[in-house]
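The structure appears below as structure tokens.
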Amino acid sequence: MSNAEKLAPIGVVGLAVMGSNLARNFAHKGHTVAVYNRSYGKTEALISNHGDEGDFLPAETIEEFVASLERPRRAIIMVQAGKATDAVIEQLADAMEEGDIIIDGGNALYTDTIRREAELSSRNLHFVGAGISGGEEGALNGPAIMPGGSAESYASLGPLLESISAHVDGVPCCTHIGPDGAGHFVKMVHNGIEYADMQVIGEAYHLLRYAAGMTPQEISEVFSEWNAGDLDSYLVEITAEVLKQVDADTGKPLVDIVVDAAGQKGTGRWTVKAALDLGIPVTGIGEAVFARALSGDREMRAATSGELASGSLRSLEDLGIKREDFIDDVRAALYASKLVAYSQGFDEIKAGSAEHGWNVDPRDLATIWRDGCIIRAKFLDRIREAYDSSPELTSLLLDPYFRAEMEHSMDAWRRVVVTATQLGLPIPVFGSSLSYYDSLRSSRLPAALIQAQRDYFGAHTYERIDRPGSFHTLWSGDRSEVEA
Ligand code: ATR
């Protein structure tokens, strides 16, 4: 059959690394895949380098691309988020017909996805914002996919996406997340959790390096050991790999050659902004985003590094702490802080879902994040079990398994926070996660004082613990209390 006659069930627009890897993944799974890129050079490169891997239908124009898709047409956009995505959606929508499906596989802001879905549905087109995680390798060999949009569009698109996703015990790491922006919202929080996860790993590394005085090679071995237990995860595994890498030019550990200013593309920041609006404390993700921002403020750091007073610092030796014990404690602190960050991320998803009426099932997330994505981990199996046995769980921290794990980690976690503080080493997520946890545990919080202060300067009123109603103290008068 010539290309002119053959139609593809799926097409990919935008053939940079992620787009071409995704197209190749579809081809590897036996699907004919239509491919189009604004500049034809990338399309030619894909066909000349990988055309023999499957059935590709290269198109030179968007019209030719649309004409090469079987109905309902399904086109996945893999271009830069923002204006480029809007431009491509417009071109596709103009060339498509009722019932066709446009999928945005990039990291779009979920509010953009909600807007685009509304616009396209008024033109009788389906729009699916699909979060795709797993980086270049995942796109090629099996990512985790988080599609939003209508249930009708998922019925037609789902089997294709599921066929290219990662699988765990035959279960695809792809499921319909919920209407309009649900998929991109969930992907955004996934990325936020990823920031927190990377930061807690970074804090553990930093303590082993600068408190325990271990070499990157030694720390790599510790992470490999941890990866054989409860902390078994992609991020811990690659940390062990990164730490044993030696720079070819200098012979030094690569981690010592890399500039310590972390970049960010914005999904972590979005997660925190959305959490602020929802009123959900995602302290782990927030501290991780701020830690990246601080590391990247080179001007400020050049001015402050080595300049600010430290007070008298201690060492592990001064404190009589043995290295082996400290390593065990750091492992426990990492695990506990990580659990807090995940728990907060799930809280945000629950709140976002309630706010937008998405009906997102947290069990689905724990299921599809078990493989393919960057935060894939054995830990996700535990989270899945927690939601399986108690779908309405108020907080992951209340699940019996995690409660026991926290109890087991508590003393070590407290010791690490104290020791790091005595040694003057920064632990933004270890420390703030412990404070968050202690706040949740507390029966009384200083919020009572804050309410009284608010009443003092702004007559904002307060509630009493002993009877219903709103009350105000006449602070500038005789300080008697009146019912508001
Ligand atoms: P990467 O970082 O992997 O290069 P990216 O920058 O997110 O990927 O996306 C680049 C892709 O977006 C390219 O396919 C690019 O097309 P060109 O190869 O022609 O540059 C595509 N892209 C960017 N802006 C676009 C636009 N306004 N219309 C169509 N495609 C666009």
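Every number in this text was worked out from the coordinates using simple rules, so none of it is lab data. Note that the coordinates shown come from a computational prediction; the quantities given were computed from them, not determined experimentally. Reconstructed Cβ throughout: ideal geometry from the backbone, glycine too, with neighbour counts over all protein chains shown.
Values computed for the structure shown
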| item | result |
| --- | --- |
| Residue among R73, R24 that is under 32 Å from the mean Cα position of the chain (by Cα), within 20 Å of N141 (Cα to Cα) and either basic (K, R) or crowded, with 16+ Cβ neighbours inside 10 Å (or both) | R24 |
| Scan of the range 13-39 for residues that are within 10 Å of the ligand (Cβ to nearest atom) and at negative phi, ordered by number | V13, L15, A16, V17, M18, G19, S20, N21, Y36, N37, R38, S39 |
| Candidate set: the range 458-484, residues that are surrounded by 10 or more Cβ atoms within 10 Å (Cβ to Cβ) and of a type in the set (S, T, N, Q); chosen: the one farthest from R444 (Cα to Cα) | T473 |
| Residue selected from the range 141-197 under the condition out of contact with any Leu (no Cβ under 9 Å at 6 or more places or on another chain) and of a type in the set (D, E, K, R), by the criterion farthest from R384 (Cα to Cα) | E152 |
| Contacts under 9 angstrom Cβ, first residue in the range 466-481 being under 16 Å from R454 (Cβ atoms), partner assigned to a loop (DSSP other than H, G, I, E, B) and among the aliphatic types (A, V, I, L, M), 6 or more apart | S470/A484; F471/A484; H472/A459; H472/A484; W475/A459; E481/L474 |
| Test result for I177, β-branched (V, I, T), closer than 21 Å to Y234 by Cα and either buried (at least 23 other Cβ atoms within 10 Å of the Cβ) or in contact (Cβ under 8 Å) with a residue 60 or more places away in the chain (or both) | no |
| Test: R403 is charged (D, E, K, R) and within 15 Å of the chain's Cα centre (by Cα) | no |
| Candidates G134, G82, G99, G54 - the one that is under 30 Å from L380 (Cβ atoms) and small (G, A, S) | G134 |
| Checklist (1) within 14 Å of the ligand (Cβ to nearest atom); (2) in a loop (DSSP other than H, G, I, E, B); (3) more than 17 Å from I132 (Cβ to Cβ) applied to K6, failing item | (1) |
| Qualifying positions in the range 267-286 - part of a helix (DSSP H, G or I), under 15 Å from S343 (Cα atoms) and either in contact with a Ser or Thr (Cβ under 9 Å, 6 or more places away or on another chain) or acidic (D, E) (or both) | T283, G284, I285, G286 |
| Residue match in the range 376-397 (condition: in contact (Cβ under 8 Å) with a residue 24 or more places away in the chain, touching a strand residue (DSSP E or B) at 6+ places or on another chain (Cβ under 9 Å) and basic (K, R)) | yes |
| Test: residue in the range 109-120 that is more than 25 Å from the chain's Cα centre (by Cα) and either under 20 Å from P159 (Cα atoms) or among the aliphatic types (A, V, I, L, M) (or both) | yes |
| Residues satisfying the stated conditions in the range 181-218, i.e. within 19 Å of the chain's Cα centre (by Cα) and not in a helix (DSSP H, G or I) | G181 |
| Positions within the range 229-256 being part of a helix (DSSP H, G or I) and either among the aliphatic types (A, V, I, L, M) or over 25 Å from S133 (Cα atoms) (or both), in sequence order | L235, V236, I238, A240, V242, L243, L254, V255, D256 |
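For every residue, the table says whether it meets (1) more than 17 Å from E348 (Cα to Cα); (2) under 17 Å from the mean Cα position of the chain (by Cα); (3) buried (at least 20 other Cβ atoms within 10 Å of the Cβ); (4) hydroxyl-bearing (S, T, Y).
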position	(1), (2), (3), (4)
D256	yes, no, no, no
V259	yes, no, no, no
Q264	yes, yes, no, no
G268	no, yes, yes, no
A274	no, yes, yes, no
G279	no, no, no, no
V282	no, yes, yes, no
I285	no, yes, yes, no
F290	yes, yes, no, no
